[in-house]
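Below you'll find the structure, written out as structure tokens, and then a few comments.
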Amino acid sequence: MKKSIQGLIMFSLLAGGCAIQDGRPPVATFSVEPEYKLKSATHWQVVANDIANHIERVSAGNDNRVFVPANSSTVFGRVFSSQLRSSLISKGVAVSSVPDGAIRVSVAAEEVQHVSIARYAPGTLTALGAGVLVLGDAADGRHNVTGALGAVLVAADVAASLIEMQKRPTTEIVLTTSMERDGRFLLHRSDTYYVDEVDTSLFTVTGKQFAIVGGGG
């Protein structure tokens, strides 16, 4: 009986964490810093402040006048262009209301959608195990094994739930900022952020790239 319980525990641990080795090299991943997640308009302002810092440094030696147009089809674009202007003005950057003679600032957002596998529903192992164990109990009366296996399933369910909560979102937004004048780039940079899938429509139309500010002539 004891060996059976130990075997069940070992099986639960191995099933959750072991990979089959078939002779091929293991997969490695790049070492990266944590990625920020945009969850509110306040977070958008933080991004606007960061971009404004870069624009300030570039514009300081280039006539110090920038033009931030407002021509976006997204909620984020309309709000962000205003936030960016406010950030620039607060830093002392001259923000022009007309494009003539000014450095044109453009920010574009592009959605990156990763494959989303079926997500684990907390309680699945426990519920499934309970149903099977109740039937088994009625058949042979092995209460001790039932209780032990039930505890294993609860522990496995808790572990799976914690792993689920730590999973990264499946959607990223790449923000590309550029500054142009006379056909020459003065600044071009990209920043990537996680967003909840339900918020994607605030930034883009799925599968399409949208200018946030400065898209078009």
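We did not get these values from a lab; they are worked out from the coordinates using the rules stated. Note that the structure is predicted; figures quoted are calculated from it, not measured. Quick reminder, even Gly has a Cβ in these numbers, built from the backbone with ideal geometry, and neighbours come from all protein chains shown.
Hey, can you rank 193-200, 83-90 by average C-beta count inside 10 Å, highest first?
Taking the mean over residues of other Cβ atoms within 10 Å, the ranking is 83-90, 193-200.
What FRET efficiency, computed as 1/(1 + (r/R0)^6) with R0 = 35 Å and r the Cβ-Cβ distance, is obtained for Lys37 and Ile89, rounded to the nearest 0.05?
Computed FRET efficiency for Lys37 and Ile89: 0.80.
Roughly speaking, what is the stretch gain from Val75 to Phe185, that is 0.36 nm per residue apart minus the C-alpha to C-alpha distance, in nm to one decimal?
36.9 nm
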